[in-house]
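The block underneath contains the structure these notes are about, expressed in structure tokens.
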Amino acid sequence: MTRTDPLDVPRPDAQLHFGVFFQGVNHWTVWSDPASGSQIDPANFRRVAQTAERGLFDAFFLGEGLRLREVDGQIHDLDITGRPDAITQLAALAAVTDRIGLVSTSNTTFNEPADLARRLSGLDLLSEGRAGWNVVTTDNAWTGANFRRGGYLDHADRYRRAEEFLTVARALWDGWENGAVSGSPGAPAWAAPGAVRQVRHRGPQFDVDLAPTLPRSAQGHPVIFQAGDSGEGRDFAARNADVIFSAHGNDFDDALAFADDLRRRLRAVGRPEDDLRILPGTEIIIGATEEEALEKKRWIRLQQVTPATALGIAGLLWGLDLSDRDADGPLPKEDPVVAENDGSFGARRIADPRKVVAEWREKAEAHRWSLRETVIALGPQRGHVGTPAGLADKFAHFVRQGALDGFNVTPYLIPDGLDDIVDLLVPALQERGVYRTEYAGTTLREHLGLREPLTHRSTTDRRQAG
Amino acid sequence: MSGPALRLAVELDGDGAHPAAWRRAAHSPDHLLTPRRVARVAAAAENAGFTLLTLEDGALPPGATPDVVGRIGAVERAAFLATSTSVIGIAPVVPVTYAEPFHVSSQLASLDHISIGRAGWVVSEEVRPEAARAWDRPLVDGAAARARESRDGIEVVRALWDSWEDDAVIRSVATSRYLDRDRLHYVDFTGDTYAVKGPAIVPRPPQGQLVVLGRPGLVPAEQLDVALVEGPDIASLTAAAAAAGTPRTFAEVEVALDTVDATADERVADLERHAPWTTGGRLRHIGSAAGLATLLEQLRGVVDGVRLHPLVLDEDLPELSRLVLPHLFARRHAVRPLPGASLRTHLGLERPANRYAAGAAFEALEETR
């Protein structure tokens, strides 16, 4: 339980931040267990958000997919599917929570700034400064088939549109001066004359002229989240985001390299290197002993990777329909096929399938693994497994070394999957001094320890901070 | 009066129906957009016994520069209120002149899930050309074009609500299948200005289809569950309701009541100094609570319900709650909604069959009763 010697670490006082991601999609959420609840019942959203709030989490997070996933032109039927509109669900949760941040994943390609910025402002006001926006940029025509404009955007333009979208959104959020709305009942005008500025913007993506409908919230702007991992995505985050999600949260060296890379990119755009919170997505499996935790992991993986899911994941790697094979038998003998990517889930093939299949074959042979065992061992990996004390030591090391600022946790079970983390891991982290014992502020921006929104800083502030 | 007891709805946007209503509100302007105030007004309406609350909206802020007033989106307010209320129906106003029908369908289906079947949708239009500039879309010009966008939008939204059959989630452990994909349907809509593929990303709403309300003339009758009919007097309302051709009709009624502090006439006159309360040809009652109760009694048998538009919420809602609604309930001219029932049930509307489902399990259950 001793704290690491502060002199040995770059960030002796760093605090771990947790978010919870109610996924509503993917095989990582177990649905076959008797304890697995409805994915649409509002009581389960409330339960998870309130559990996270009890655990002093920074944020409750919802994803978005604007078309149901398909494999080879058929709706993918193996995973949990069907979820509520994120902002609508979060506005409902604003009424039954009072501290936790509420983060919506919303698309910049198939939304318009006036509408989305206003919806986010509404959420921010109804939650009194707890809204966040995870900016995503789907561009394919397959998704566009559900929208008025269809698949209109070139892949190369997706971040350009996102960035211009953010520019317009921020102008709308800044459209009302602070204190624009009168605080006295007998005021001569609802809003001070001249305090609301018309937003006119003309650029390659948007040509708008409108009156912003809402004043600023308690946190100024909704907090901006971003999840891109490509160089372009990371640069976008360095220029625009307050928080970045990543897939770099399992291995310490990988996490540190990712964090160092982002710090470099932040310096390059003139932002302080502590201006962006890094919250990798993860799964956390807890046991009373290491053995118990590993046994629990094995059980969870078997629930997640059902025989059909194993064949589905292998099918994506091979580029073949393997659904009629035996998951408990050997790996397919065929060579993988490299297919076109139309943007649908089933088209997201692996970059170099021949190399991966060769590796899988070698290891499966050495360990005498079936196809399903191979998928569990070598397929998509994630997460941390251990005892509360072991995990707390590990996470304290990660955060004090500056490898990350926390995790966005995906529970493997809805609605109870967060209970262990809140009841067992959080106290262990608190004992080590790396986790808050109460909320210090009321807004999401305050929970994350962020500075004011980027557009509210003077040039001098930015230079000094850098 | 004969006919079934009235269902009562109330419009709760802003501080009231008058454009200058905020000047007589019991709070300062900066409280209007707080969660406490939004919840308090809805709680007052629910406790009074209203069956439905509606929330006006549009892309442009209410009030023109320099008298601009802030407004939180109706869907966000409705979702927030779905959790802070438990019985009252909740219907946001959502125009589909420029909005994405796919998003609108998802938002409203989600609202019905969140409220466990208490949601409705008031369809309206974006009339002002500034809305097109805000949305960054080509102007939808003229009444016919706007009606086309509403018609197509409702068609898509309703089709998407049916694109999941009620029993699409099967959780078949033996076959590893969460869904029966045969119970999900592409809507494959192609209209004059756009196409939508589907299916929805949100499971079918608890009510099957939300209660859709709108003005006849703007929206085809066969797309509406409730026509919001207008007329300056009972005779014209009777004619409008008879011509509506919808399962239910609600009369629009604007009200300003006498209060302890001022008569209704004085209150209206006070606000008229700042802005006119233009009449859109709706029935309007300015006067005593008893007079309003008598007027509403006369509407029984003419329409199935009324939607009240109070002049100033902080002044008129307490009078409605204290004097008017109890009077109507006591004489069974109107009914309070029962806890645990859907909005469709409150309005006596059937849960509709799914257009895509052939012999679905839920219909079979109905037949065996």
Exercise for the section: Can you tell me the relative contact order of chain A? Whole percent, Cα pairs under 8 Å, sequence separation 6 or more. Expected result: 24
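In peptide B:102-112, how many Cβ atoms from other protein chains are near each Cβ within 10 Å, on average?
Whole-number average of other-chain Cβ neighbours for B:102-112 is 6.
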Completion exercise
Binned at 10 Å starting from 0, the alpha-carbon pair-distance distribution of segment B:84-222 in whole percents comes out as 12, 37, 32, 14, 4, 1
Exercise for the section: Can you tell me how much longer the chain between residue A:342 and residue A:152 gets when fully stretched, taken as 0.36 nm per residue apart minus their C-alpha distance, in nm with one decimal? Expected result: 67.0 nm
Exercise for the section: Would you calculate the separation in nanometres between label points at residue A:26 and residue B:239, each defined as 7 Å from the Cα along the Cα-to-beta-carbon direction? Expected result: 6.2
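Calculate how many DSSP beta bridges within the protein assembly as shown are antiparallel, expressed in % of all such bridges and rounded to the nearest 5.
15
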Practice task
Arrange the following residues from fewest to most other Cβ atoms within 10 Å of their Cβ: A:296, A:363.
Solution key: A:363, A:296
Completion exercise
Put in order of increasing Cβ neighbours within 10 Å, starting from the fewest, A:439, B:98 give A:439, B:98
Completion exercise
With residue A:17 itself left out, Lys, Arg at +1 and Asp, Glu at -1 over residues whose Cβ is under 10 Å from its Cβ give 0
Fill in the blank from the handout: Toy charge model, Lys and Arg Cβ at +1, Asp and Glu Cβ at -1: chain A dipole around Cα centroid in debye, rounded to 20, equals 1200
Handout entry: Lys/Arg +1, Asp/Glu -1 at C-beta; the protein assembly as shown dipole; positive extreme among A:266, A:318, A:44
Key = A:266
Practice task
First select every other residue whose beta carbon is under 14 angstrom from the beta carbon of residue B:179; then total the charges, Lys and Arg +1, Asp and Glu -1.
Solution key: -1
Fill in the blank from the handout: For chain B, the longest principal axis of the Cα atoms and the Cα long axis of helix B:101-114 enclose an angle in degrees, to the nearest 10, of 80
Exercise for the section: Please list the equivalent ellipsoid semi-axes of segment A:1-72, computed as the square roots of five times the alpha-carbon gyration tensor eigenvalues, in descending order and whole angstrom. Expected result: 34, 17, 13
Completion exercise
Checked segment A:292-378 against the a/c 1.5 cut and the a/b vs b/c comparison, axes a ≥ b ≥ c from its Cα gyration tensor; verdict prolate
Handout entry: Centroid-to-centroid separation of segment A:49-83 and segment B:191-245 [C-alpha atoms, Å]
Key = 32
Fill in the blank from the handout: Going from the fewest other Cβ atoms within 10 Å to the most, one would list A:442, A:138 as A:442, A:138
Completion exercise
Restricting to Cα pairs under 8 Å and 6 or more apart, the percent relative contact order of segment A:313-408 works out to 26
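Under a point-charge model restricted to the Cβ atoms of Lys and Arg (+1) and Asp and Glu (-1), what is the dipole moment magnitude of the protein assembly as shown relative to its Cα centre, in debye to the nearest 20?
The dipole of the protein assembly as shown has a size of about 660 debye.
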Fill in the blank from the handout: Distance in Å, no decimals, from the C-alpha centre of segment A:234-280 to the one of segment B:116-161 is 41
Exercise for the section: Step through the table entries A:297/A:363; A:355/B:197; A:296/A:394, compare each Cα-Cα distance with 29 Å, and write down the pairs that go over it. Expected result: A:355/B:197
Problem - Of the GluC sites (Glu not before Pro) in segment B:287-355, those whose Cβ has at most 11 other Cβ within 10 Å and which sit in DSSP loop - result: B:350
Completion exercise
chain A: Kirkwood hydrodynamic radius (Cα pairs, Å) comes out at 23.7
Exercise for the section: At 7 Å along the Cα-to-beta-carbon direction for both residue A:389 and residue A:362, put a label point, then send me their distance in nm to one decimal. Expected result: 3.9
Completion exercise
Mean Cβ-within-10 Å packing, highest first, puts peptides B:119-129, B:30-40 in the order B:119-129, B:30-40
Practice task
Take every DSSP beta bridge whose two residues both sit in segment B:171-298, then give the antiparallel share in percent to the nearest 5.
Solution key: 20
Problem - Among A:306, A:329, A:339 the positive-end extreme of the charge dipole of segment A:292-378 (Cβ point charges) - result: A:306
Completion exercise
For chain B, the Kirkwood Rh over every pair of distinct alpha carbons, in Å, works out to 21.5
Problem - Scattering curve values for segment A:343-449, log₁₀ I(q)/I(0), Debye with Cα scatterers, q = 0.22 Å⁻¹ - result: -1.19
Problem - Cβ-based charge dipole, the protein assembly as shown, positive-most Cα from A:90, B:101, A:74 - result: A:90
Problem - Pairwise label distance in nanometres, residue A:54 with residue A:440, each label 7 Å out on the Cα-Cβ vector - result: 2.6
Completion exercise
Computed about the Cα centre, the charge dipole of segment A:292-378 from +1 Lys/Arg and -1 Asp/Glu charges at the Cβ has a magnitude in debye, to the nearest 20, of 300
Handout entry: Average Cα contact separation per residue, segment B:153-287, under 8 Å, 6 or more apart, as relative contact order %
Key = 17
Handout entry: Tilt relative to chain B, helix B:74-84 - C-alpha long axis, 0 to 90 degrees, to 10
Key = 90
Problem - Quotient of C-alpha Rg and 2.2 N^0.38 Å, computed over the protein assembly as shown - result: 0.99
Completion exercise
Within the under-12-Å Cβ sphere about residue A:251, not counting residue A:251, Lys/Arg +1 and Asp/Glu -1 give a net charge of 0
Handout entry: Cα-based helix-to-principal-axis angle, B:35-48 vs chain B, degrees rounded to 10
Key = 80
Fill in the blank from the handout: segment B:255-308 and segment A:126-141 have their Cα centres apart by a whole-number Å value of 42
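Each value in this text was obtained by applying a stated rule to the coordinates, not by laboratory testing. Just so we're clear, the structure is a prediction, and the values are computed from it rather than from any experiment. So basically every Cβ, Gly included, is an ideal-geometry build from the backbone, and we count neighbours across all protein chains shown.
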